[in-house]
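The structure under discussion appears below in the form of structure tokens.
The values are calculated or read from the model by the stated rules, or taken from the named source; none is laboratory data. Note that the structure is a prediction, hence the values are computed from the model and not measured. When we count neighbours, we look across all protein chains shown, and the Cβ atoms used for this are built from the backbone with ideal geometry, even at glycine.
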Amino acid sequence: MIQFIGTTIRYEKEQPVREFNLEVSKGEKAVFTGPSGSGKSSLLNALMGFVPLACGEIRINNQLLSPATINKIRQGISYLPQELSLDLDTVGDLIYYPFEFKNNRHLKPDKHKINEVLKLLLLDESILSKKLSEVSGGQKQRLGLASVVLLNKPIMILDEPTSALDDDSAVAVAKLIGSFKETTVISASHDLRWIELMDTQIKL
Ligand SMILES: Nc1ncnc2c1ncn2[C@@H]1O[C@H](COP(=O)(O)OP(=O)(O)OP(=O)(O)O)[C@@H](O)[C@H]1O
């Protein structure tokens, strides 16, 4: 379970999230919606421990998110940022990127598993031999999603996961993520194709 309790996020010039309360149960698929600047990414970033809270708290499985617990908590989370700005060369590098970290090395997927996930995301396995500079924005977004799926963590945090996708790919992605019954998903989106397939919509 993920709990936001009186969560307040303050930057130098503004306070986009004020006294925010929410409980997301295990296995629930939740999506933050609302206009640009309403604080959707800020909440996801706070959940990742990237943004300190001005007030309130965040609890994950009853454990308080804090500098002392964040590393342990992150081991149970996979995160897809709004933009993948990693300095990597090939598609393979992108897929394997999270598995280079010590904590994930033992989770490294084999070729068969990777191909299976690529197929579910409507990507051809030939994409693995391409350079990242040769793939489209929508393909890159699905490759990031493939990594997140392959990590198979109990919690997924997805920031605008379908923003660059055509209809068929957006629906394929939403259905795939929705099929992981045990996985808790917290996302931010403007995309109705995604929002409609989530369990809970939280309007900010
Ligand atoms: N690191 C930061 N420093 C200062 N201000 C920030 C920072 N991150 C976000 N903000 C401001 O906080 C507000 C909320 O931003 P946030 O990115 O959380 O909104 P959002 O709902 O995700 O928007 P979008 O739909 O455009 O992605 C915005 O006005 C933004 O300018």
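Okay, here's what the table says:
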item: Residue check, Lys119 without any contact (Cβ under 8 Å) to a residue 12 or more places away in the chain and either closer than 17 Å to Ala146 by Cβ or surrounded by 18 or more Cβ atoms within 10 Å (Cβ to Cβ) (or both); result: yes
item: Meets criteria (of a type in the set (A, V, I, L, M) and touching a Leu at 6+ places or on another chain (Cβ under 6 Å)) for Leu176; result: yes
item: Qualifying residues in segment 13-50 (those that are among the charged types (D, E, K, R) and farther than 20 Å from Leu65 by Cα) - the one modelled with the highest pLDDT; result: Lys29
item: Conditions (1) of a type in the set (Asp, Glu); (2) under 16 Å from the mean Cα position of the chain (by Cα); (3) modelled with pLDDT under 95; number of the one not met by Asp168; result: (2)
item: Members of segment 2-12 found to be in contact with a Cys (Cβ under 8 Å, 6 or more places away or on another chain) and either modelled with pLDDT under 95 or among the polar types (S, T, N, Q) (or both), listed by number; result: Thr7, Thr8
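A quick yes/no check of all residues on (1) in contact with a Ser or Thr (Cβ under 9 Å, 6 or more places away or on another chain); (2) under 26 Å from Phe50 (Cβ atoms):
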site	(1), (2)
Leu88	no, yes
Leu94	yes, yes
Glu100	no, yes
His106	no, yes
Leu122	yes, no
Val135	no, no
Ser147	yes, yes
Leu151	yes, yes
